[in-house]
1. Which of the residues that make up segment 12-36 are surrounded by fewer than 16 Cβ atoms within 10 Å (Cβ to Cβ) and either of a type in the set (A, V, I, L, M, F, W, C) or in a strand (DSSP E or B) (or both)?
2. For segment 224-236, enumerate the residues that are touching a residue at least 24 places away in the same chain (Cβ under 8 Å) and either surrounded by 15 or more Cβ atoms within 10 Å (Cβ to Cβ) or not polar (S, T, N, Q) (or both).
3. Would you confirm whether any residue within segment 249-260 is among the β-branched types (Val, Ile, Thr), modelled with pLDDT of 95 or more and more than 21 Å from SER98 (Cβ to Cβ)?
4. Looking only at segment 43-64, count every residue that is crowded, with 23+ Cβ neighbours inside 10 Å, within 19 Å of GLY240 (Cα to Cα) and in contact with a helix residue (DSSP H, G or I) (Cβ under 6 Å, 6 or more places away or on another chain) and tell me the total.
5. How about segment 228-250: which of its residues are of a type in the set (A, V, I, L, M, F, W, C) and not in a loop (DSSP other than H, G, I, E, B)?
6. Kindly provide the set of residues from segment 187-206 that are in contact (Cβ under 8 Å) with a residue 24 or more places away in the chain and either farther than 28 Å from ILE395 by Cβ or in a helix (DSSP H, G or I) (or both), ordered by number.
7. Checking the structure you have, find out if any residue of segment 425-440 is at positive phi and either not polar (S, T, N, Q) or not assigned by TED's automatic domain parsing to the domain that holds ARG183 (or both).
8. Consider only pairs whose beta carbons are under 6 Å apart and that are at least six residues apart or on different chains; among these, list those whose first residue lies in segment 156-177 and is farther than 23 Å from LEU366 by Cα and free of Cβ contacts under 8 Å to residues at least 40 places away in the same chain and whose second residue is in a helix (DSSP H, G or I) and of a type in the set (Gly, Ala, Ser).
Amino acid sequence: MSDFRIEKDSMGEIKVPKKALYGAQTQRAHDNFPVSGIKFSREFIEALGYVKKSAASVNADLGLLDKDISEAIQAAALEVIEGVHDKEFVIDIFQTGSGTSTNMNANEVIARRANELKNNVDVSIHPNDHINYGQSSNDVIPTTIRVAAVKAINNNLIPALKHLHDTFLEKGKEYAEVVKTGRTHLMDAMPVTIEQEFGGYARQLELGIKRLESALERVSELPQGGTAVGTGLNTHNDFGKNFAVKISELTGEKFTEAENHFEAQATVDAPVELSGQLKTIAVGMMKIGNDLRWMNSGPNSGIGEVELAALQPGSSIMPGKVNPVIEESLTMVCAQVIGNDAAITIGGQAGNFELNVMLPVVAHNLLESIDILANAAQNLADRSVSQLKVKKERIADMVGRNPILVTALNPIIGYDLAAKIAKKAFAESRPLKEVAKEMTDLSDEELDKALDPIKMTKGGFTE
């Protein structure tokens, strides 16, 4: 018993580790959910600290909480924000669907720490009566999800996507003059430039950022102030509005009070929408990663148009083998984000009347998707795209042997003759121009002009 103390709550007594800042309700939840070992992320705990700090400040401003008590709570909440007490958040994410256990975990930790920090306060600072004043788990947890997501998107994911976007544009400009064989259905098609292809990737990322920014408009509406069911019972009528102003000041992000608290607490539509945009970005990035893998394939028996940086040995049995490990890491991240979105989508359907009851799993999956997408985008830019080399000579040789270039002769010699030339060049593995010279009356000058790959990348007619 020397390692434990006895704590009490409305259900009676329970043993709690002696040095723990949390209390009885946290201990019960810890005991009740030995499910995964997965705890809430740093981003979520930080956001929960911001919620508690903002609430204490607003309640004091409204004359509902003693100033000295508020200051002690805010000091303790700041320590939560800074990560001082992360080890005290011990509850599995697979818990009560409202996240009440984690809200009380925060209330108990902050209350105990505030009692240690308080000055000029005779009363004991209580987890429910003071830390949770004017709040409910039912508005605290969905608010925390939104605050954490907005901060993670703006501080981590969007900068990472912008960095990858810029890296593709820079690499494209570096090889702007290189014309390569385009491919449709994985088969040779009309030529494109490296700059055009990489510009397409950059545009995907740019649109992904715009999608995120649009979704954040809805995510930035905060449920706080609705308390248990959205009516705002037991809180000041101005609390929600003032809370949004205060947490905006503290985080540097722009938040507003939910236009309709019943919508904001009964649903997680805004997080579901945001997850859908993350999924869209993941789908696009998987395409990019797989394109780079194909272009790097070989190096001798594959496409071999680019050479990715050699970062580590690729085989335990084949000496000298090097694999596209960054792209493989990226595509697995994308698969995880797509899977997370499926869980979040199911979670969004679990809104029963006035409350969603899958909030913890929505929070975990949403924040994980943001975090790993940001890390993967940064990693792809720094360890792959910025270091890749384009194999100009190999690309030029493949372009010269591409029978599809004959398409540019269609307006001059007609489709049927062009098809015969293409088939003969392919069957005999000969340069297209050489075969076209044999089968048409066109001069070298006319063929050079019509079959100039760089002109074909500019659209229009080549004659």
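The values are calculated or read from the model by the stated rules, or taken from the named source; none is laboratory data. If you're wondering where the values come from, they're calculated on a predicted model, not measured in any experiment. Counting neighbours? That spans all protein chains shown, and the Cβs are built from the backbone with ideal geometry, glycine included.
1. Once the filter is applied, which keeps residues that are surrounded by fewer than 16 Cβ atoms within 10 Å (Cβ to Cβ) and either of a type in the set (A, V, I, L, M, F, W, C) or in a strand (DSSP E or B) (or both), segment 12-36 yields GLY12, GLU13, LYS15, PRO17, VAL35.
2. Just the residues of segment 224-236 that are touching a residue at least 24 places away in the same chain (Cβ under 8 Å), to begin with: 224-232, 234-236.
Matches in segment 224-236: GLN224, GLY225, GLY226, THR227, ALA228, VAL229, GLY230, GLY232, THR235, HIS236.
3. yes
4. Selection size over segment 43-64: 10.
5. PHE239, PHE243, ALA244, VAL245, ILE247, LEU250
6. Result: ILE194, GLN196, GLU197, PHE198, GLY199, TYR201, ALA202, GLN204, LEU205, GLU206.
7. Yes.
8. LEU169/ALA202; GLY172/GLY199
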